[in-house]
Amino acid sequence: MYNLEQHTPESVITVAVLGAESTGKTTLCRDLAAHFDSQWVSEYMRTYLQAKWDNEQLTCTWEDLLPIAQGQIKRENDLAKQVAQTLDKNRYLFCDTSLFELMTYSHWYYGDCPAALEQAALAHHYDLIVLTEVDIPWVADDLRDSPHQRDEISEYFASQLDRHQKPFVRIGGDRQKRVQQVIAQLIHLGSP
């Protein structure tokens with residue numbers, strides 16, 4: 001029923017930005033896209049759950065996970081296709097989250113994950129996976145609920161990435177330092 005396949009053309013270099021809530025993932029993706037004059041994929045879960053909160057004052061449930069996963073990978077696939085069609089040499093796609101993050105949160109909150117989501121999350125590939133450090137202040141909004149668990153959640157992310165043999169780098173510091181760290185990693189990959 002849900003198509004969670006990742007379709008990234010070979011010419012597109014993908015960077016997945018993962019991490020605990022309110023650790024600067026969106027800001028980092030925006031800054032990187034601006035620096036490289038490229039695209040970034042916004043987090044579909046925020047759009048989906050904000051609408052659910054605004055309309056019903058309800059939060060995420062197990063039944064929301066697969067529709068969120070479908071929306072996220074559709075956004076990613078659509079933008080990857082757009083990036084591949086550009087004439088620019090900077091064919092980067094910065095992903096504010098991925099199905100791996102959704103899978104990790106599913107295990108964190110529910111102790112389990114829908115099989116289709118987990119299978120897709122583990123099959124997806126990114127040229128670089130970034131884990132944002134918990135070194136900026138937490139900012140409240142309608143959806144965030146874990147101001148005092150960010151360090152624990154961040155370590156859980158790291159353990160899941162290690163467990164599933166997904167190489168990653170930790171990125172921290174101020175906005176400029178974070179961008180420079182990712183640029184350095186892309187240079188190391190031979191990308192820019």
The residue that is farthest from G19 (Cα to Cα), considering only those in segment 168-190 that are open to solvent by 60 Å² or more (accessible area, probe 1.4 Å) and in contact with a strand residue (DSSP E or B) (Cβ under 7 Å, 6 or more places away or on another chain), is L189
Output for Cβ contacts, cut-off 6 Å, separation at least six or different chains, first residue under 27 Å from Q176 (Cβ atoms) and among the charged types (D, E, K, R) in segment 132-153, second open to solvent by less than 80 Å² (accessible area, probe 1.4 Å) and at pLDDT 65 or above, reads E133/G172; D135/G172; R144/E21; R144/S22; R150/A20; R150/V134; D151/V134
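Hey, among L58, L79, L32, which residue is out of contact with any helix residue (DSSP H, G or I) (no Cβ under 8 Å at 6 or more places or on another chain), among the aliphatic types (A, V, I, L, M) and more than 21 Å from E118 (Cα to Cα)?
Details: L58 fails: out of contact with any helix residue (DSSP H, G or I) (no Cβ under 8 Å at 6 or more places or on another chain); L32 fails: out of contact with any helix residue (DSSP H, G or I) (no Cβ under 8 Å at 6 or more places or on another chain).
Selected residue: L79, the only one of L58, L79, L32 that is out of contact with any helix residue (DSSP H, G or I) (no Cβ under 8 Å at 6 or more places or on another chain), among the aliphatic types (A, V, I, L, M) and more than 21 Å from E118 (Cα to Cα).
Just checking, which of A115, A158, A123 is open to solvent by 60 Å² or more (accessible area, probe 1.4 Å), hydrophobic (A, V, I, L, M, F, W, C) and under 19 Å from V15 (Cβ atoms)? Walk me through it before giving the result.
Numbers: A115 fails: under 19 Å from V15 (Cβ atoms); A158 fails: open to solvent by 60 Å² or more (accessible area, probe 1.4 Å).
Answer to the selection: A123.
Against the condition at pLDDT below 95, over 18 Å from the mean Cα position of the chain (by Cα) and in a helix (DSSP H, G or I), how does H148 come out, does it pass? First the steps, then the outcome.
Details: at pLDDT below 95: yes; over 18 Å from the mean Cα position of the chain (by Cα): yes; in a helix (DSSP H, G or I): no.
No, not satisfied.
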Given the criteria among the hydrophobic types (A, V, I, L, M, F, W, C) and touching an Asp or Glu at 6+ places or on another chain (Cβ under 6 Å), does V83 qualify?
no
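The values are calculated or read from the model by the stated rules, or taken from the named source; none is laboratory data. Just so we're clear, the structure is a prediction, and the values are computed from it rather than from any experiment. Don't worry about glycine lacking a Cβ; one is built from the backbone with ideal geometry, like all the others, and counts go over all protein chains shown. For the accessible areas, the whole protein counts, side chains as well, though only heavy atoms, and no ligand, DNA or RNA atoms are used. Shrake-Rupley method; radii C 1.70, N 1.55, O 1.52, S 1.80 Å.
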